[in-house]
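Readers should treat all values here as calculations from the given coordinates under stated rules, not as data from a laboratory. As the structure is a prediction and not an experimental result, all values here were calculated from the model. Cβ placement follows ideal geometry from the backbone for every residue including glycine, while neighbour counts extend to all protein chains displayed.
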């Protein structure tokens, strides 16, 4: 009882501290990337905080798995360096005895990782895609700020308004530059307003002038108008069929015969299975020599995590390309990792003792 409670408390404390550090680093990286996307006009500046939250939720299963993996390696590595493991081994407690307390403290985290990978991950990706899509498909005039020149999405139009009303749909002193091939037109108007229809958004200009020029023939045309309409945006409805596979619910992936859908499902299930296998690997990779004050075991453990995580991503590519089936990939990648973890545990419990006993037996026979 004392053994289990002490180990669980140590792992839980290390897991909390590691998660805070990893979460801080990842949030900083995502914040810089999201601000960069907002600076170049890929996302709305008003949605930066919301996108940061969605991105953090999407990557939380990986952060939880890494934090739990590091917590087990660091906790047991400290016990090795302080000779606590030697005391437990001398008391008849093998390394396999550590599996039960580690799983008891880790199963809530593994459950959260599985639920988030299967259900929260697609919902977060769908919400992020909707935000970016609404920003990309907004009307060109919605990007215009008073006193600033703003180009359209395709770069063929340049808008400028001197000032706008409080409702945001009308403006004064409107300037529009339109380039189409060899033709260029400059339209100015005293006032302009936006009218919404079922097919498109229309800009209605009042009391203005339009100058057109053909660069091939060098022909110029000047016209005045009392009212002039320009289409500035189309209303496009997006169906669920165009959603990326990572944004589709898990139930839809199960019912879909598409290989890419199976690949995405393989990644979600594999992330959950990988988190459990990494715990077993952490028990064996945490071993270190008490007389060597180094952290090579942590370095090798992190390398193993990177390799295993890349294999999970590769398994998704294998299934998506149709090279292997979902069951075969799960058995190959995660079954091999499970067998390797159990073999390392057996070797830590039995193999090392066998190697220590053989030299002693040889010395006794030599003295005899």
When every residue in region 54-85 that is more than 15 Å from residue 284 (Cα to Cα) and more than 28 Å from the chain's Cα centre (by Cα) is compared, the one surrounded by the most Cβ atoms within 10 Å (Cβ to Cβ) is 84
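For (1) surrounded by fewer than 16 Cβ atoms within 10 Å (Cβ to Cβ); (2) free of Cβ contacts under 8 Å to residues at least 12 places away in the same chain; (3) more than 20 Å from residue 94 (Cβ to Cβ), each residue gets a yes or a no:
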position: 285; (1), (2), (3): no, no, no
position: 298; (1), (2), (3): no, no, yes
position: 307; (1), (2), (3): yes, yes, yes
position: 319; (1), (2), (3): no, no, yes
position: 323; (1), (2), (3): yes, yes, yes
position: 330; (1), (2), (3): no, no, yes
position: 334; (1), (2), (3): no, no, yes
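Those residues that are in contact (Cβ under 8 Å) with a residue 40 or more places away in the chain, in contact with a helix residue (DSSP H, G or I) (Cβ under 6 Å, 6 or more places away or on another chain) and surrounded by fewer than 21 Cβ atoms within 10 Å (Cβ to Cβ), I need them from region 42-53; list them, please.
Once the filter is applied, which keeps residues that are in contact (Cβ under 8 Å) with a residue 40 or more places away in the chain, in contact with a helix residue (DSSP H, G or I) (Cβ under 6 Å, 6 or more places away or on another chain) and surrounded by fewer than 21 Cβ atoms within 10 Å (Cβ to Cβ), region 42-53 yields 44, 47.
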